Structure formats: structure tokens, C-alpha cells
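Where a number appears in this text, it was derived from the coordinates with a stated rule and is not lab data. These numbers come from a predicted model, not from an experiment. Don't worry about glycine lacking a Cβ; one is built from the backbone with ideal geometry, like all the others, and counts go over all protein chains shown.
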Amino acid sequence: MAIVFLIFLSLSYPLLAEEVLKKDEPYVWEGLSLQFPENVILKGFQRQAESSLKVFPAKNDQFFLVIRRFPRELGLDTEGPWKDAGFWKETNPTSVEIQKEGRKIKIYSAEQVRNNNSLMLSVWFWAEPRFNYWIWLARKKEGSTSEDFWKTGGFFQFQSKEP
């Protein structure tokens, strides 16, 4: 009986796939082309209509990034639930809207101290005709990567109208 249960779990909840992405090498995921100025580890997850990708540096801990794509009918297009999940005791919160390759992206940012590290947190959100996307980014303020790279979304470009 235990074997049947384990088989059911493995089919219901796929394991994370892990991959190394080399410095400045492009990686296409769900219609986005990602590129980073250092080697990173990618962990992808797919369950029915929702998918997510976790990105973190291979050698240091300067940032952590989660990208999610989920169906529009889930209704997660207001700032409440997903913004509250990413921010805890934040300071200097800001909210801006930018245009990137013809898409309107909302960005909520705030500073935060966790484990004696000064962090900059941000949540990026945009909608496509069938899917919503959000990116949760936590990075050290004293990181080596340029501030502009993170603020303008230098880590991704759109590949198509929608995957």
C-alpha cells in the first residue's frame, strides 16, 4: 500500500528540476528570456496550469528570485495576497508602474532587514491574456550587480506575446 501511495505522490507533485545556467547565457522559460551576470542555479516546478522557477546564485547569496505563471481565472491580480506574502516589517515601501517591451508592469519594493542583512525586496506583476506573472526578488543592497540591472528588469526580456 505504501508503494501505491508513493507512486501517487510522485505523479501528483512533480519533483523540482535543477539546472546550472552559466554567466551571460540566455535561458528561455514560459516566454521569458532570462540572463544573469553570474552563474545561477535554476529550479523549475510545473503543476497543471501553474509553473514557477526559482533562481539563485551558484557561488554567493546576493539575490533570490522566484518567477510564477498562473491562470488569470485564479484572480490573483490585486496586490493584497501576494504582496503581503513577500513583505514583512518593510521600510520605505514604493510602488511604480513601468513599461517594458509594450507591457505594463507593476513593481512594489521595500527595504527590509533579515538575519542582519539589509535587503531590497520587490514584487513584479503583469497580466497577459491567459496568464498572470509575478516575480518576487530579494537581493542584498550591497550586492555587486548594478542597481539599474535589478530596477529595470535587466535579467529578463519577453520572447513572445504569450507562451
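For a paramagnetic label modelled on Glu19 (point 7 Å from Cα along Cα→Cβ), amide N atoms under 16 Å away belong, within region 27-49, to 27-36, 39-47. Can you pull the one-decimal nm distance between simple spin-label points at Gln157 and Ser33, each 7 Å off the Cα toward Cβ? It is 0.4 nm. Sorting the segments 89-99, 43-53 by their mean number of nearby beta carbons within 10 angstrom, highest to lowest, gives 43-53, 89-99.
Applying 0.36 nm per residue to the separation of Thr94 and Lys43 and subtracting their alpha-carbon distance, the gain on full extension is 15.5 nm. Relative contact order, whole percent, for region 91-143 stands at 26, derived from Cα pairs under 8 Å and 6 or more residues apart.
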